[in-house]
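The values are calculated or read from the model by the stated rules, or taken from the named source; none is laboratory data. What you see is a predicted model; the values in this text were computed from it and never measured. For neighbour counting, all protein chains shown are included, and Cβ atoms are generated from backbone atoms with ideal geometry for every residue, glycine included.
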Amino acid sequence: MAAPIANRIIETRGLTKRFDGFTAVDHVNIYVNEGEIYGLLGPNGAGKSTLIRMLTTLSNPSEGAATIAGFDLVRDAQRVRETVGIVSEKMIMYDRLTAYENLRLFGKLYNVPKKEMDDRIEELLKIVNMTKWADEQIGKFSTGMKQRINVIRPLVSMPRIVFMDEPTLGLDPQSTADIRDLIKRLNERDGLTIVLTTHIMNEADVLCDRIGLIDKGKIAAEGSPSELKGRIAERGNTVVELDVVDAPVDAAQRLRAVEGVKSVAQKENCVKVIVSREDAFQDIVDAAGKAGLRLRNASISLPSLEDVFLHFTGRAMVDEVKDKVPSGGGGHGPWRAPKQRGR
Amino acid sequence: MNVKTLLSHSLWIAHKDLLEFSRNRVMLVMLFVFPLFMMMMTGYIFPSGNTVKDMQLSVVNLDSYNGTTGAESLTFYSTLDSINHRTGFFVLSNTTSEEDARAMITRGDRMGAVIIPANFTSNLRTGSQGYINVLYDQSKPQISLQLTSILDSVIAQMGTTRAVYTVNRTTGQDLNTSVAIVTPYKVQNKGTVPGNPNYFEFMAPGMMMMVVMFSVMTGLPRAISHEKEAGTFDGILAAPTSRFSIILGKTIAQSVRGIIQGVIVLVLAIFLFGVTINGPILLVVFLLLLGIFSFIGLGIAITSAAKDEETASTFMMVLQFPMLFLSGVFFPIEQMPWYMQYVAKALPLTYATSAMRKVVVLGAGFGDILTEVAVLIVFGTVLLIIAIPLFKKAMAR
């Protein structure tokens with residue numbers, strides 16, 4: 001299953017980051033193949049950002065090593081920087097500079113030749129439909145417009161790998177779709193390797209070729225979305241999906257009592273039950289009836305990444321901001337008060 | 001990484017910073033307002049050599065001779081009054097008793113009182129000295145000092161005049177000889193440059209140095225911690241840019257800003273506050289640059305030590321305050337107690353201020369400020385040597 005070593009553009013070996021006794025990233029071993037979109041999927045505070053910060057040389061590993069395009073992360077840091085680009089969770093742009101000036105500044109810092117600079121900027125602006133805004137100050141843009149510039153910003157230097165930390169965080173649905181589309185296109189058109197972090201299952205599912213599930217600083221599982229989902233089925237787990245008209249409050253509790261039930265999750269009119277027996281469908285439907293659930297439909301569904309996460313980490317992935325632990329983000333020291341992310 | 005790339009990167013970073021700055025209207029206005037405000041404030045609140053005018057003064061004449069008010073005290077009073085008409089230091093008013101005068105001072109209605117005792121005329125007529133008692137308000141030492149010293153010199157002058165006439169009359173010498181007999185020594189005060197320096201002239205050189213040096217010391221940490229907090233610093237750090245380019249670029253931007261502000265202080269000082277630059281203007285510019293150089297290391301050290309904007313400003317406050325008051329910008333350090341003078345001599349701003357003042361006020365040349373220049377170069381170099389490794393370490397947390 002594993003790709004040939006030669007194709008592995010990123011490989012980490014026991015990569016670890018500790019902040020004053022707290023381990024944000026704990027002996028992570030992952031690899032990314034050249035030309036794929038790799039997703040780091042995990043709840044807030046799982047260590048995704050810290051991992052990305054290490055892989056972009058913004059933070060030194062406490063332990064372990066990694067090679068990026070053949071360069072050692074620490075020893076050849078400058079070569080690594082030439083190879084990778086970063087889309088950070090906080091936008092890397094200056095509000096008082098125009099879109100063009102922002103792109104040019106970073107082009108200059110990456111030593112993009114003068115002759116190519118304007119052509120590249122023009123092309124990138126065209127891709128995101130921002131050509132006519134080139135000479136406007138970023139500060140006047142909407143969040144969606146800003147993010148489009150933010151995503152193309154590292155591309156001026158034509159990196160081989162781009163790391164994107166929550167590229168769709170805080171965007172409206174339209175912009176989110178636009179950015180996802182852009183990521184897909186960049187990957188397909190230029191063969192750009194993209195590593196992105198997300199806490200949105202669906203995003204990882206539709207975008208990524210391979211996914212690393214990360215929880216509490218550790219990689220819980222790694223593989224393509226279908227591979228990961230397949231692993232649930234392999235172990236004889238069944239996902240029963242109940243489409244309900246309405247459900248009493250204690251319905252979930254009663255369903256949990258059924259033999260072999262591992263989890264019950266309810267999202268609006270859909271109740272999902274993961275059971276470790278393959279023959280449990282009838283039992284679940286019966287229990288649902290007794291619990292007072294009025295069923296519209298019941299089916300055995302394919303496992304989703306949500307189920308996968310639940311299976312491998314033993315807990316549901318919920319987006320709890322209060323769970324956010326220091327990630328060393330922003331480059332100013334390890335311990336800072338948990339902050340609401342800039343949405 | 002070659003020098004050309006390094007310089008090019010730092011110039012682009014500086015260009016970016018200045019572009020941002022030039023588009024920030026509030027900051028641009030502050031660039032003018034801050035020095036203007038500082039100069040107005042400091043120029044007007046500190047004792048500026050101007051004497052207080054129209055001090056309320058009671059005159060209590062208790063003198064009596066042969067049953068009426070003594071003639072000597074009347075002469076004294078009218079002479080004092082006529083001198084005061086020319087100078088306008090006091091507003092004289094008669095008060096009947098010493099007790100009344102004391103009460104008036106206590107209430108704050110009078111700054112002081114001149115009391116002519118009962119035996120004034122008889123003492124003078126019998127060959128004794130005529131005493132004058134002066135009461136003053138002890139709650140206002142600075143003003144009392146002025147009041148007593150003015151009264152002293154006015155009354156001494158009256159005594160001299162009186163003595164000259166007496167000599168003239170009794171010996172038959174002419175008036176000039178009589179003056180020479182009474183006051184054989186005469187002091188003439190002269191500065192080394194023409195004109196009479198005012199307080200702004202004392203203060204403006206120090207202000208200029210202070211504004212420029214603080215702009216690097218505070219501007220650098222503020223600029224970098226601001227970018228850290230905004231997240232944009234990651235973009236620069238993730239680029240294949242030398243750490244040295246980053247700090248150099250930021251320093252260039254802050255220096256340009258500091259020099260612009262220094263020049264604004266200079267222009268305001270010349271055109272608004274009537275300060276004249278007696279030394280070579282190039283030397284003034286050189287000192288501004290040297291001041292910046294000497295503080296870059298300090299700025300970088302603060303940047304490295306401060307994790308966020310708040311810590312950075314706390315550091316700056318702690319460093320700025322003593323420097324502001326102990327470096328001789330507003331008060332001459334010679335006026336301080338000896339131990340404070342030692343503290344002052346440990347601060348680089350002291351030397352920068354002293355050098356700039358010599359050049360601006362005294363028209364000093366390069367040779368006259370060698371010590372100050374040497375101290376600033378050494379200070380700047382040592383701090384840079386300490387600060388750069390700190391910065392490199394701080395950037396890779």
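Scan the range A:27-50 and tell me whether some residue there is assigned to a loop (DSSP other than H, G, I, E, B), within 10 Å of chain B (Cβ to nearest Cβ), farther than 17 Å from A:ALA221 by Cα and not small (Gly, Ala, Ser). Checked against the condition, which is being assigned to a loop (DSSP other than H, G, I, E, B), within 10 Å of chain B (Cβ to nearest Cβ), farther than 17 Å from A:ALA221 by Cα and not small (Gly, Ala, Ser), the range A:27-50 yields no hits at all. Scanning the range B:1-27 for residues that are within 9 Å of another protein chain (Cβ to nearest Cβ) and among the β-branched types (Val, Ile, Thr), we see that the one that is nearest to A:GLU82 (Cα to Cα) is B:THR5.
Listed by position, the strands (runs of 3 or more DSSP E) contained in the range A:201-270 that have at least 1 residues being at negative phi and surrounded by fewer than 16 Cβ atoms within 10 Å (Cβ to Cβ) are A:238-244, A:261-267. Across the range A:75-88, the number of residues qualifying as more than 7 Å from chain B (Cβ to nearest Cβ) and crowded, with 23+ Cβ neighbours inside 10 Å comes to 4.
Looking only at residues of the range B:240-254 that are among the aliphatic types (A, V, I, L, M) and buried (at least 24 other Cβ atoms within 10 Å of the Cβ), we find that the one that is modelled with the lowest pLDDT is B:ILE247. One residue stands out among those in the range A:165-200 that are more than 13 Å from the chain's Cα centre (by Cα), in a helix (DSSP H, G or I) and β-branched (Val, Ile, Thr): the one that is surrounded by the fewest Cβ atoms within 10 Å (Cβ to Cβ), which is A:THR176. Look at (1) at pLDDT 90 or above; (2) of a type in the set (A, V, I, L, M, F, W, C); (3) surrounded by fewer than 13 Cβ atoms within 10 Å (Cβ to Cβ) and you find that B:VAL164 fails only one, number (3).
Would you mind stating whether A:ASP190 is in the same structural domain as A:PHE71 (by TED's automatic domain parsing), under 21 Å from A:LEU103 (Cβ atoms) and in contact with a Lys or Arg (Cβ under 9 Å, 6 or more places away or on another chain)? No: the conditions fail for A:ASP190. For A:ASP243, the conditions (1) more than 21 Å from A:ILE232 (Cα to Cα); (2) touching a Gly at 6+ places or on another chain (Cβ under 8 Å) are fulfilled apart from (2). Going through (1) of a type in the set (A, V, I, L, M, F, W, C); (2) within 25 Å of A:ASN33 (Cα to Cα); (3) out of contact with any Asp or Glu (no Cβ under 8 Å at 6 or more places or on another chain) one by one, A:VAL112 falls short only on (2).
Residues in the range B:298-317 that are among the β-branched types (Val, Ile, Thr), within 14 Å of another protein chain (Cβ to nearest Cβ) and more than 19 Å from B:VAL212 (Cβ to Cβ): B:THR311 only. Just to be sure before I move on: is B:THR276 on the phi < 0 side of the Ramachandran plot and surrounded by 15 or more Cβ atoms within 10 Å (Cβ to Cβ) in the structure I sent? The answer is no for B:THR276. Which residues, taken from the range B:333-347, are within 19 Å of B:GLY206 (Cα to Cα) and either within 14 Å of chain A (Cβ to nearest Cβ) or assigned to a loop (DSSP other than H, G, I, E, B) (or both)? Scanning the range B:333-347 gives B:MET336, B:ALA346, B:LEU347. Per the listing B:PRO322, B:PRO348, the residue uniquely touching a residue at least 24 places away in the same chain (Cβ under 8 Å), in the same structural domain as B:MET30 (by TED's automatic domain parsing), closer than 27 Å to B:ILE386 by Cα and touching a Ser or Thr at 6+ places or on another chain (Cβ under 7 Å) is B:PRO348. Applying a threshold of 6 Å to beta carbon distances and a minimum spacing of six or more residues, or different chains, the list of pairs starting in the range A:112-133 at a residue that is within 21 Å of A:ASP95 (Cα to Cα) and ending at one that is among the small types (Gly, Ala, Ser) and surrounded by fewer than 18 Cβ atoms within 10 Å (Cβ to Cβ) reads A:LEU125/A:ALA134.
Exactly one residue among A:ASP286, A:ASP279, A:ASP307, A:ASP319 is away from chain B (no Cβ under 14 Å), assigned to a loop (DSSP other than H, G, I, E, B) and at pLDDT 75 or above, and that residue is A:ASP279.
Has the range B:253-263 got at least one residue that is touching a residue at least 40 places away in the same chain (Cβ under 8 Å) and within 14 Å of chain A (Cβ to nearest Cβ)? Yes.
Checked against (1) over 30 Å from A:ARG18 (Cα atoms); (2) in a helix (DSSP H, G or I); (3) of a type outside the set (Lys, Arg), B:PHE330 passes all but condition (2). Is it true that some residue in the range A:66-74 is in a loop (DSSP other than H, G, I, E, B) and crowded, with 24+ Cβ neighbours inside 10 Å? For the range A:66-74, residues in a loop (DSSP other than H, G, I, E, B) and crowded, with 24+ Cβ neighbours inside 10 Å: absent. When the residues of the range A:103-132 are narrowed to those that are in contact with a Phe, Trp or Tyr (Cβ under 9 Å, 6 or more places away or on another chain) and within 9 Å of chain B (Cβ to nearest Cβ), which ends up surrounded by the most Cβ atoms within 10 Å (Cβ to Cβ)? Step by step, filter the range A:103-132, then rank; the result is A:LEU109.
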